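To keep things clear, I will list the structure first and then write my remarks on it.
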Amino acid sequence: MKTADAVVIGAGVSGSSIAFRLAQLGLKVVIVDKNGPGSGASGACDKAIFMQSKRPGLHMELAMASRRMYNTLESELEQSVEFESDGGMVVIETPRHMEFMKDFIEKQRNAGISVSLIDGDAAREAQPFLAPHILGASFSPDDADVNPLALNTAFFRAARRHGSVLQTHSEVIAVNTERGKVTSVDTTRGSISTELVINAAGPFAKSVGALSNIDIPVQPRRGTILISESVPKKVRGCVLDAQYIASKHLRSDNDDAPPYGVGFSLGQTVSGNLLIGGSREFAGFDKGNTQDVIATIARHAARIAPELASTRIIRTMTGFRPYTGDGLPIIDWAPETDGYIIAAGHEGDGLALAPLTGQLVADLLKGDGPTHHFLCGLTLGRFATQKTEAPADGPSNIINAAPQLHANA
């Protein structure tokens, strides 16, 4: 039997970040993943570190703290993650979107991010591919981009330099306890003796928790992104639309919004591929995309950026966001199981919060540290009196809900 001071379940950006920070503390860490780094949500997402999509309050505070860590992260990890701080834009199509965004921008300014409202001409000057009907856009220099696979790789390589071991193609089948304390983890590749387990299994955190009779209210929320052939550089930073923000944060019954929770997102990789998104659906762990979902994403994107209609799509990418219902992750000790930490439920903010997540778990373990004050808002207990079932799918009602935001991230 192998031995470890800590076993991290999940080798995505969150799990790899956690392993790195725990290894820095001198712990002998084993990272276990049923496939490998980047095989889950971290390998099926866009590249945005987007401050403008975050709700003011704890959501925004976490994102800003993590964003500051990105400024020195490449140096710390000793590897490029293709981090670019080119800012981001949220385009506005209709007067109703404008009303919603004006209020949202004001709240974000009060929360401390730098964001401005520009008119349609200025938006098209910055991003010439935008359609003539675009009324305006918000812009923030605080938004940035990163290569998610490079980030994932950099974290687990840094963890490995500090002595961590990565065990791939290894599914956890039991977390064993004695007198309420973790004693070992059984995997399909053998057992690991340990007194500390971190469940960082993303959308699979609930099923992993069930092995120990721990109810973790995380559900998969499916999203699809279209990937184009390589084209000359045309996108600076990342571009979303107001419907994307609404579909992330608002419950819905607005008939003129796209189905499948579709909102516009557009980014471009270093190699020139366009990442065109995206959808938000509750469909369990079914990765099968209907042609209607793909066509809806394409039509919505081509209306906002008409030249995309003639861009060749070479493949699609589908993943599962780990949804909690309030837009915040769970980072907490499991009740009645000594030595079990939950670190999951980041939904679409895994990239934005990756640097911070590792530090949060390290501070939870130590009982103090630079991020410890955030943890009281990330407890598992906050769901004790809430229903955690996934809401029915549908487009967001930005008219009836604006300007008040109702959590549905």
Practice problem: Report, by residue number, each residue of the stretch 62-80 that is buried (at least 17 other Cβ atoms within 10 Å of the Cβ) and either among the charged types (D, E, K, R) or in the same structural domain as I330 (by TED's automatic domain parsing) (or both). | Solution: R67, E74
Practice problem: Please work out which residue is modelled with the lowest pLDDT, limiting yourself to the stretch 247-279 and to residues that are more than 19 Å from A298 (Cβ to Cβ) and outside any loop (DSSP other than H, G, I, E, B). | Solution: H249
Quiz prompt | Boolean, I294 is in contact with a Ser or Thr (Cβ under 9 Å, 6 or more places away or on another chain) and touching a residue at least 60 places away in the same chain (Cβ under 8 Å) | solution = yes
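Would you pick out the residues in the stretch 178-190 that are in a strand (DSSP E or B) and either touching a helix residue (DSSP H, G or I) at 6+ places or on another chain (Cβ under 8 Å) or closer than 20 Å to G36 by Cβ (or both)?
V185, D186, T187, G190
On the given criteria, is E106 surrounded by fewer than 15 Cβ atoms within 10 Å (Cβ to Cβ), under 23 Å from P232 (Cα atoms) and without any contact (Cβ under 8 Å) to a residue 40 or more places away in the chain?
Values: surrounded by fewer than 15 Cβ atoms within 10 Å (Cβ to Cβ): yes; under 23 Å from P232 (Cα atoms): no; without any contact (Cβ under 8 Å) to a residue 40 or more places away in the chain: yes.
It is false that E106 is surrounded by fewer than 15 Cβ atoms within 10 Å (Cβ to Cβ), under 23 Å from P232 (Cα atoms) and without any contact (Cβ under 8 Å) to a residue 40 or more places away in the chain.
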Quiz prompt | Selection within the stretch 1-55 - aromatic (F, W, Y) and in the same structural domain as G367 (by TED's automatic domain parsing) | solution = F20
Exercise. Examine the stretch 306-314 for a residue that is over 27 Å from G38 (Cβ atoms) and in contact with a strand residue (DSSP E or B) (Cβ under 8 Å, 6 or more places away or on another chain), and state whether such a residue exists.
Key: no
Quiz item: Hey, which of the helices (runs of 4 or more DSSP H) in the stretch 291-409, taking only ones fully inside, have at least 2 residues that are at pLDDT 95 or above?
Solution: 291-304, 350-366
Quiz item: Tally time: how many residues in the stretch 154-197 are under 16 Å from V29 (Cβ atoms) and among the charged types (D, E, K, R)?
Solution: 4
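This table checks each residue for (1) loosely packed, with under 14 Cβ neighbours inside 10 Å; (2) more than 27 Å from G350 (Cβ to Cβ); (3) over 24 Å from the mean Cα position of the chain (by Cα).
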site	(1), (2), (3)
G136	no, yes, yes
R160	no, no, no
E171	no, no, no
V182	no, no, yes
Quiz item: Based on what the data block shows, is S39 more than 29 Å from N199 (Cα to Cα), free of Cβ contacts under 8 Å to residues at least 40 places away in the same chain and in a loop (DSSP other than H, G, I, E, B)?
Solution: no
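Restricting to the stretch 155-177, name every residue that is assigned to a loop (DSSP other than H, G, I, E, B), polar (S, T, N, Q) and closer than 16 Å to T188 by Cβ.
T168, S170
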Quiz item: For the stretch 71-154, list the strands (runs of 3 or more DSSP E) that sit wholly inside it and hold at least 2 residues that are of a type in the set (V, I, T); which are they?
Solution: 88-92
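Mind counting the residues in the stretch 42-64 that are part of a loop (DSSP other than H, G, I, E, B) and either farther than 23 Å from L226 by Cα or at pLDDT 95 or above (or both)?
4
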Quiz prompt | Of all residues making up the stretch 3-41, the number that are at pLDDT 95 or above, surrounded by fewer than 24 Cβ atoms within 10 Å (Cβ to Cβ) and under 12 Å from S170 (Cβ atoms) | solution = 1
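The values are calculated or read from the model by the stated rules, or taken from the named source; none is laboratory data. This one's a predicted model, so the numbers in the text were calculated from it and none came from an experiment. Here Cβ is always computed from backbone atoms with ideal geometry, including for glycine, and neighbour counts include all displayed protein chains.
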